Amino acid sequence: MAIMTYRDALNQALREEMARDPDVFLMGEEVAEYDGAYKVSRGLLKEFGPARVVDTPIAELGFTGIGVGAAMAGLRPVIEFMTWNFALLAIDQIVNSAAKMHYMSGGQVQCPIVFRGPGGSALQLAAQHSQAFESWYAHIPGLVVVMPATPADAKGLLKSAIRSDDPVVFIEGEMLYNQKGEVPDEEYLTPLGVAEVKRSGTDVTLVCHSKSVSVALKAADQLAEEDIAAEVLDLRTITPLDREAILASVARTNRAVVVEEGWSFAGVGAQVVDLIQREGFDLLDAPVLRVTGADVPMPYNKFLERAAKIDPAGVVAAAKQVLYLS
Amino acid sequence: MTPDAGAPPAVTDLPRDTVVGYLRQMMLIRKFEEKAGEAYSLGRVGGFCHLYIGQEAVAVGTMAALGPEDWITASYREHGHALARGVSARAIMAELYGKATGSSKGKGGSMHIFDASLRFMGGHGIVGSHIPLAAGMAFAARYRKTNAVSVCFFGEAAMNIGAFHEALNMAALWKLPAIFICENNGYGMGTALARASSILDLSRRAYSYDMAADVVDGQDVFAVKAAVDQAVDRARTESRPTLLEMKTYRYVGHSMSDAAHGTYRTREEVEEYRQRDPIRLLADALRAADLLDSAALEALVADVAAEVEDAITFAEDSPDPDERELHTDVYAEPR
């Protein structure tokens, strides 16, 4: 196994899929000559040329729609948003065009497209550049929403997303690009819709995704020092949600805390709690708790920002609460 | 806005069957839309229903210039475009009725007619949102080095939305084989052009993108075809996009929920435009050229009436979708 960054794992996935399938192309702002705003597309222009690595004007709505149209015509576009904050300008094309095309054409038209880029909280970028939108897209039938937490998952899930015949919203962790991890040397695909236990435990399940996985893992380390065995379940895909994995984990631990970077109201965690209380009520020894970002626009000041973000201490406190230890 | 006092369409040197075919298609669209309106009033057709009456020459003249490899997208006023492209009256009417035999199995309705086998890529309900989609199909055509062009129909009100400008800029920048057809019928719903656009000569908007443009009498099917022929040639041989402004008019309301003339225009204005009815102009021209006599015209009238009646019967008799269809086609792959 090679050790590589999340960024390089994504780059490998793009490179492998573009080499495998000539219908795959990458389009977005600064993806080509600049080598990517976050360098995910580094070297791809040189390898595949400007017809397949396409720099766009700053026109998210337009180039997203062009990508959707190209997908309707049978290509497999990968549309990069410099960040998901800017995708708000394109959300009409994601929601009203890509997500609905298959259904409203009575199954005639497929839309095999990946929308990808960094999301989630950043570092002192303030309100407009530091936010989590996964629950918005997860709300829309017809979209698949993927959020890898590790380099290995980033690569395997992106390859699966590119091969999917459905539109995939692929949200990368802006704070994860430099994170290193083991990535298998041989080719592999990580299936969409399948969660993974990142750490086994018997006392409490920490349900998480993307950046919140590392927060939950740190919390699990701290809990272990107090002889509490937390299980860390990484959703990896928000929709379709791996209901079986969530319920199976809660069956082992009988307690759960759902951790996410986003705001609390109608967040991903609300859906997970709904599932657990509805289908796993008898498994529970305590109400499920949620740890979320504060319900405020992200502040710039680093102390305020820290207070707005999730952290291991908050997860530890919630875990102890569901264990009735606090 | 007043109707252009232009001459009747010049009958070109196209074969008689071809030009009579145009007339038949335009008459079919007119009859189809009249019957769709009736079915709506009877409660057989639900939702929104936007009729194309008055604009038939634009769809028919355009489709006549295209080949089977070309891509087509349209707005929600698209029954006529679908008919002109060759989607059956049965499939479209059944879709309006929401039936399982409809072009989208009853899941799309009036605003979402698709026939992928004819590369008729929808009916789209968000004003202007399909303009980038059409540019994307042109992108795909060029990417795959095919000879296809992508044609997009939209109303003049869609020219004020950002998607229009972003798509046209990239289409010109990347030299995409796209043809943007603005059907200027004078009103975006009830808002007259002069109340919504800072310029009235809409083709000038193409200058912003250094794009070829033309202003066309949209009531003259031959003028429409000639302009689209030129744009198709430009797209196929030079891979350059074109913006065409088709000057036309709708005789009916924006949708079935408003009266023909409404509060925003006068009855007299509608009547004035009816004097340049595209179907009558073409019929008169064919008569003048001895290509059509009264008997032949009456036969056409009966022929299209029968086809539309058959479509109504088909739609009436078709089953509703099975309830299991509710959850199919949300995803292309099992989820």
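The values are calculated or read from the model by the stated rules, or taken from the named source; none is laboratory data. Computed from a predicted model, the values in this text were never measured in an experiment. Because the Cβ atoms are built from the backbone with ideal geometry, glycine has one as well, and the counts that use them run over all protein chains shown.
In the set A:Arg20, A:Arg15, A:Arg42, A:Arg52, only one residue is within 11 Å of chain B (Cβ to nearest Cβ), of a type in the set (D, E, K, R), without any contact (Cβ under 8 Å) to a residue 40 or more places away in the chain and surrounded by fewer than 22 Cβ atoms within 10 Å (Cβ to Cβ); that residue is A:Arg52. Per the conditions (1) over 23 Å from B:Tyr264 (Cβ atoms); (2) surrounded by fewer than 18 Cβ atoms within 10 Å (Cβ to Cβ), the sole criterion not satisfied by B:Met170 is (2). Which one of these is β-branched (Val, Ile, Thr), within 22 Å of B:Gly125 (Cβ to Cβ), within 21 Å of the chain's Cα centre (by Cα) and at the interface with chain B (Cβ under 7 Å from one of its Cβ atoms): A:Val68, A:Val95? Criteria check complete, one pass: A:Val68. Among the residues of segment B:242-269, the ones that are closer than 17 Å to B:Gly155 by Cβ and either in a helix (DSSP H, G or I) or touching a strand residue (DSSP E or B) at 6+ places or on another chain (Cβ under 6 Å) (or both) come to 6 in all. With respect to the conditions (1) under 20 Å from the mean Cα position of the chain (by Cα); (2) buried (at least 18 other Cβ atoms within 10 Å of the Cβ), A:Ala32 lacks only one, and its number is (1).
Of all residues in segment A:170-187, exactly one satisfies the criterion of being crowded, with 19+ Cβ neighbours inside 10 Å, among the acidic types (Asp, Glu) and not in a strand (DSSP E or B), namely A:Glu174. Here A:Glu80, A:Glu16 are screened, and the one residue that is touching a Lys or Arg at 6+ places or on another chain (Cβ under 9 Å), farther than 26 Å from A:Gln131 by Cβ and not polar (S, T, N, Q) is A:Glu16. The conditions of being closer than 18 Å to B:Val19 by Cα, charged (D, E, K, R), within 27 Å of the chain's Cα centre (by Cα) and surrounded by fewer than 14 Cβ atoms within 10 Å (Cβ to Cβ) are met by B:Glu298.
Condition test on B:Leu133, is it under 15 Å from A:Ile66 (Cα atoms), in a helix (DSSP H, G or I), modelled with pLDDT of 95 or more and facing chain A (nearest Cβ under 8 Å)?
Numbers: under 15 Å from A:Ile66 (Cα atoms): yes; in a helix (DSSP H, G or I): yes; modelled with pLDDT of 95 or more: yes; facing chain A (nearest Cβ under 8 Å): yes.
Yes; evaluated as a whole, the condition is true for this residue.
Can you name the residue in segment A:71-87 that is among the aliphatic types (A, V, I, L, M) and in contact (Cβ under 8 Å) with a residue 40 or more places away in the chain and, of all such residues, is farthest from B:Ser110 (Cα to Cα)? Step by step, filter segment A:71-87, then rank; the result is A:Met82. The residue list B:Gly98, B:Gly106 contains one member that is of a type outside the set (Ser, Thr, Tyr), touching a helix residue (DSSP H, G or I) at 6+ places or on another chain (Cβ under 7 Å) and at pLDDT 95 or above, which is B:Gly106. Considering segment B:86-95, the residues that are touching a Phe, Trp or Tyr at 6+ places or on another chain (Cβ under 8 Å) and buried (at least 24 other Cβ atoms within 10 Å of the Cβ) include one that is farthest from the other protein chains (Cβ to nearest Cβ), namely B:Ala89. Among the residues of segment A:103-125, some residue qualifies, meaning at least one is at pLDDT below 95, in contact with a Ser or Thr (Cβ under 6 Å, 6 or more places away or on another chain), more than 10 Å from chain B (Cβ to nearest Cβ) and surrounded by fewer than 21 Cβ atoms within 10 Å (Cβ to Cβ).
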